[in-house]
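Everything on this sheet refers to the single structure shown next.
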Amino acid sequence: MSILVLGLNHHTAPVALRERFAFAEARVPEVLQRLCRSGLAEEAVILSTCNRVEIYAATRLGAKEAFPELLDFLKRCHDFNDPLTDEIYKLAEPQSVEHLFRVASGLDSMVLGETEILGQLKKAYDLALRHGHTGGGPNKAFQRAFHVAKHLRTSTQIQRGATSVAAVAVELAEKIFNSLQDRQVMVLGAGDTSEKAARALLSRGAHSVLVSNRSFDRAETLARELGGRAIHFDDWAQEFRRIDIVISSTSAPHYVLDRAKLEPLMVLRGQAPLLLVDIAVPRDIDPEVNFLDNVYLYNVDDLQAIADDYLKQRREELAKCDAIIREKAAGLLRARRPTGLDSDARPAFGHE
């Protein structure tokens, strides 16, 4: 077997297309089961984040035969019938393994060198592992990817500057308001990225945080940790009179805020400036709100503009990181050549 990668990300597709292919976490085990039962893959992992959707498939099929079938499978999962060309990338070994290592190390991220993707990749791998959809070969590749990511963090300067989408969102807020002192923040969705954004905003001087989530218990827990206040999800609009910044990252399948809902709220706020940072995929906020006076909406793709400032500092480290990745990927592939990627071969890798 060999490992193939098929996917789309922020380099190849806009957020409007990426959100069409996003997988809810609860759906992933069933999709993996269908994929493996179809004969397209013996084992597989699906990585779905706001910036990428990727299928890592260990298969006995040749790349020429497997890639059209994998693409058709992905499109069927989302009832997508339009043609796709440059939006999709298809990688066979050794490029597929090198790509996995680059993703784990944050080298393929919107914010070069960020570490959130490593946690997301570990979670995706663990989900496939717990449901029995990944075995010996993919396990070794993913474990080695995690070790390579750690090695690059400690042996290079690839993490200089902001290292997460949450941190970049805070930089954006400071550019809009000049200072976060006394600014009131509302967080919609109590997920990991939202929590990090809230903590970063507070550390930069934000006055307080309101947390709203469909699970009120989760909202209360996060609000307590942040020294803020929880509000019921159905009541968050009533708080807009005092809000300056909204960080939205729910898992809603539709817009939670559109122009028709926001326009009267802006009147109640006296048209005071409002920053909306939509880091959800699918998006939480209708782009039409940007046409309202004093409303500033930015989605995950817009964050790239700020990320570019940090790329200048980090690009000089890329050549060093890529050389390490090529060496580690080649070593992995050499080590398994005599026996192949058989799922019953499960020797564990030690630390680097």
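Some points to look at:
- Selection within region 323-351 - modelled with pLDDT of 50 or more and not hydrophobic (A, V, I, L, M, F, W, C): 326, 327, 328, 331, 334, 336, 337, 338
- Residue in region 206-251 that is most open to solvent (accessible area, probe 1.4 Å), counting only those that are in contact (Cβ under 8 Å) with a residue 60 or more places away in the chain and in a loop (DSSP other than H, G, I, E, B): 251
- Unmet requirement for residue 58, which otherwise passes all of (1) in a helix (DSSP H, G or I); (2) over 21 Å from residue 282 (Cα atoms): (1)
- Under the condition of being open to solvent by 10 Å² or more (accessible area, probe 1.4 Å), closer than 17 Å to residue 184 by Cα and outside any loop (DSSP other than H, G, I, E, B), the residues counted in region 264-279 number 2.
- Taken over region 89-108, residues that are surrounded by fewer than 22 Cβ atoms within 10 Å (Cβ to Cβ) and assigned to a loop (DSSP other than H, G, I, E, B) amount to 4.
- Residues of region 109-149 that turn out to be assigned to a loop (DSSP other than H, G, I, E, B), more than 11 Å from the chain's Cα centre (by Cα) and surrounded by fewer than 22 Cβ atoms within 10 Å (Cβ to Cβ), as a count: 3
- Test: residue in region 1-16 that is open to solvent by less than 10 Å² (accessible area, probe 1.4 Å), hydroxyl-bearing (Ser, Thr, Tyr) and in contact (Cβ under 8 Å) with a residue 24 or more places away in the chain: no
- Only one of 261, 312 that is under 26 Å from residue 171 (Cβ atoms), out of contact with any strand residue (DSSP E or B) (no Cβ under 6 Å at 6 or more places or on another chain) and in a helix (DSSP H, G or I): 312
- Scanning region 1-42 for residues that are in contact with a Ser or Thr (Cβ under 9 Å, 6 or more places away or on another chain) and acidic (Asp, Glu) yields 25, 42.
- Test set (1) buried (at least 21 other Cβ atoms within 10 Å of the Cβ); (2) farther than 20 Å from residue 165 by Cα - residue 53 fails condition number: (2)
- Residue ID - farthest from residue 126 (Cα to Cα), chosen from residues in region 17-50 that are touching a residue at least 60 places away in the same chain (Cβ under 8 Å), among the aliphatic types (A, V, I, L, M) and surrounded by fewer than 21 Cβ atoms within 10 Å (Cβ to Cβ): 17
- Residues in region 270-287 that are without any contact (Cβ under 8 Å) to a residue 40 or more places away in the chain and of a type outside the set (Asp, Glu): 7 in all.
- Test result for residue 302, at pLDDT 70 or above, of a type in the set (Asp, Glu) and surrounded by 14 or more Cβ atoms within 10 Å (Cβ to Cβ): yes
- Pairs, first closer than 15 Å to residue 157 by Cα in region 313-331, second of a type outside the set (Ser, Thr, Tyr) and loosely packed, with under 14 Cβ neighbours inside 10 Å, C-beta under 9 Å, six or more apart: none
- Filter result for the condition that a residue is in contact (Cβ under 8 Å) with a residue 60 or more places away in the chain and under 19 Å from residue 6 (Cα atoms), over 106, 113, 137: 137
- Filtered by the rule that a residue be at negative phi, open to solvent by 10 Å² or more (accessible area, probe 1.4 Å) and in a loop (DSSP other than H, G, I, E, B), region 280-299 gives 281, 282, 283, 286, 292, 293.
- Filter pass, residue 175 being surrounded by fewer than 17 Cβ atoms within 10 Å (Cβ to Cβ) and at negative phi: yes
- Any chance residue 85 is more than 17 Å from residue 58 (Cα to Cα), in a loop (DSSP other than H, G, I, E, B) and at pLDDT below 95: yes
- Test: residue 73 is of a type outside the set (S, T, N, Q), open to solvent by less than 20 Å² (accessible area, probe 1.4 Å), at pLDDT 95 or above and under 18 Å from the mean Cα position of the chain (by Cα): no
The values are calculated or read from the model by the stated rules, or taken from the named source; none is laboratory data. Computed from a prediction, not measured in an experiment: that's the story for all the values here. Using ideal geometry, Cβ is built from the backbone for each residue, glycine included, and neighbour counts are taken over all protein chains shown. Each accessible area value is taken on the protein alone, full model and side chains, heavy atoms only, with ligands, DNA and RNA left out. Shrake-Rupley method; radii C 1.70, N 1.55, O 1.52, S 1.80 Å.
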